[in-house]
Every structure is written in structure tokens, then in C-alpha cells.
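To start, the structure under review is shown below, and the notes come after it.
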Amino acid sequence: MGLGETLRKAMDKIQGAATVDKETVKEAIKEIQRALISANVDTTTVFAVSKRIEENAFNEIKGQLSRREYITKITYDALVELLGGQKTPQEPKKILLCGLFGSGKSTAAGKLAHYYKKRGKKVGVICADTFRPAAFEQLETNAKTAGAEFFGIKGEKNAGKVVAK
Ligand SMILES: Nc1nc2c(ncn2[C@@H]2O[C@H](COP(=O)(O)OP(=O)(O)OP(=O)(O)O)[C@@H](O)[C@H]2O)c(=O)[nH]1
Ligand SMILES: [Mg+2]
């Protein structure tokens, strides 16, 4: 089971409970912790996320949200912050992925392509990694799997030229 699915299961605990009390929230937090730990999130971060949800779950609600919706929202916000504090832009034109070797750029490119394709966008992926062996083939596979178009120039050493073309 992937992270998304285990998190969804944890949230279902809150959605499906007859009443949302401290016990329900505790149970859901335990599931969230399990999901995060099995996705290799370090324990200090897992603890910080849990604490944030637990501390805020029964805050006074301003506005129209039900307690369930409110807890879902603070959980979502805590997770977004954990993942870098940025929500995926809904109307992007260009996204540049930069990062250290092996940090997950090519994988993220495939995931983003999939995300936007699913939302009906026209997606093109450009391989500007002219350094890593087989970066071209890896990204081409990721892009095609997502149903996105792909462009790259095999053997070109100048990333700027690839992007310009
Ligand atoms: N656990 C986990 N592994 C990931 C994630 N994203 C990528 N990986 C793995 O990390 C490794 C490197 O991922 P890539 O997407 O190739 O990273 P990259 O930044 O393009 O790497 P280079 O092109 O070598 O610089 C692969 O084994 C991926 O399967 C992630 O979100 N979680
Ligand atoms: Mg790569």
C-alpha cells in the first residue's frame, strides 16, 4: 500500500467514526504515524506532525466546518507543511526540478506529469539532465507512463540548448 492509500485509510477512521472524540483522533494519529514511518519519514518529524494534529484537533472552529472536516483540514495542512509547505500549483506553465543527485527529480517529474494529465492538462516533459547516464531513457519512460509528451536530445551536453529547442 502506498503512502496516499494508508493516509486515506487513517482519515477514513475519522470520517467513519460515530462520534469524533479524543480516542478517535488518537487512533487516527496512530495510523498516520504508521503510514509516515513506513514511508521513511524520520521519527522527529512524525512526532511533530502528530503533536500538531493532536493539539489542534479540538480548537474552536471558526466558520462552517464540521469537526470531522476541521480535523481533516488540519491534518492536510500538517502534511503539506511536512512535504515542504507548498501546494501543487494548479495553473503552472513551467516547472523546473533541481536537486542533488538521487534526490528524486526524475521520479517527481513523472508524478507531476501524471498529476496534471489526470486533471486534463497538456503536459510536456523535457530532459535537461545532460549529465546522468540514461537520464534520457529514465525520464522518457516516466513521461510516457504518465501519458505526457517527452523531449530530449541524446548526447547533447548543454542543458540550455535542449530547453531552448
Ligand atoms: N522512498 C522514496 N524514494 C524515492 C522517492 N522519489 C524517488 N525515489 C527513489 O530515489 C531514487 C532516485 O530517484 P530519481 O527520481 O532517479 O532521482 P534523481 O534526482 O532524478 O536522480 P539523478 O538523476 O541520479 O540525479 C530512485 O531509486 C527512486 O525510486 C520518494 O518520494 N520516496
Ligand atoms: Mg534523474
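The values are calculated or read from the model by the stated rules, or taken from the named source; none is laboratory data. These numbers were taken from a predicted model, which means no experiment stands behind them. We place every Cβ from the backbone using ideal geometry, glycine too, and count neighbours over all the protein chains shown.
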message: For the range 66-74, check the following and say yes or no: at least one residue is among the aromatic types (Phe, Trp, Tyr), within 30 Å of Lys22 (Cβ to Cβ) and part of a loop (DSSP other than H, G, I, E, B).
response: no
query: What do you reckon, is Phe101 of a type in the set (Phe, Trp, Tyr) and modelled with pLDDT under 95?
result: yes
statement: Picking from Asp42, Asp77, the residue that is of a type in the set (Asp, Glu), at negative phi and within 16 Å of ligand 1 (Cβ to nearest atom) would be Asp42
message: Given (1) assigned to a helix (DSSP H, G or I); (2) exposed (fewer than 10 other Cβ atoms within 10 Å of the Cβ); (3) of a type outside the set (A, V, I, L, M), identify the lone condition not met by Gly63.
response: (1)
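Of the residues Ala164, Ala148, Ala113, which single one is away from ligand 2 (no atom under 12 Å from the Cβ) and free of Cβ contacts under 8 Å to residues at least 12 places away in the same chain?
The unique qualifying residue is Ala164.
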field: Unique match (being of a type in the set (S, T, N, Q), surrounded by 14 or more Cβ atoms within 10 Å (Cβ to Cβ) and in the same structural domain as Leu7 (by TED's automatic domain parsing)) among Thr130, Thr141, Thr75
entry: Thr75
message: Tally up the residues in the range 75-100 that are among the acidic types (Asp, Glu) and closer than 25 Å to Gly16 by Cα, please.
response: 1
Filter result for Leu96 (under 30 Å from Gly152 (Cα atoms) and surrounded by 12 or more Cβ atoms within 10 Å (Cβ to Cβ)): no
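Conditions tested, residue by residue: (1) part of a helix (DSSP H, G or I); (2) closer than 20 Å to Arg68 by Cβ; (3) without any contact (Cβ under 8 Å) to a residue 40 or more places away in the chain; (4) touching an Asp or Glu at 6+ places or on another chain (Cβ under 7 Å).
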residue: Met11; (1), (2), (3), (4): yes, yes, no, no
residue: Gln15; (1), (2), (3), (4): yes, yes, no, no
residue: Glu27; (1), (2), (3), (4): yes, yes, yes, no
residue: Lys30; (1), (2), (3), (4): yes, yes, yes, no
residue: Ile37; (1), (2), (3), (4): yes, no, yes, no
residue: Asn40; (1), (2), (3), (4): no, no, yes, no
residue: Thr45; (1), (2), (3), (4): yes, no, yes, no
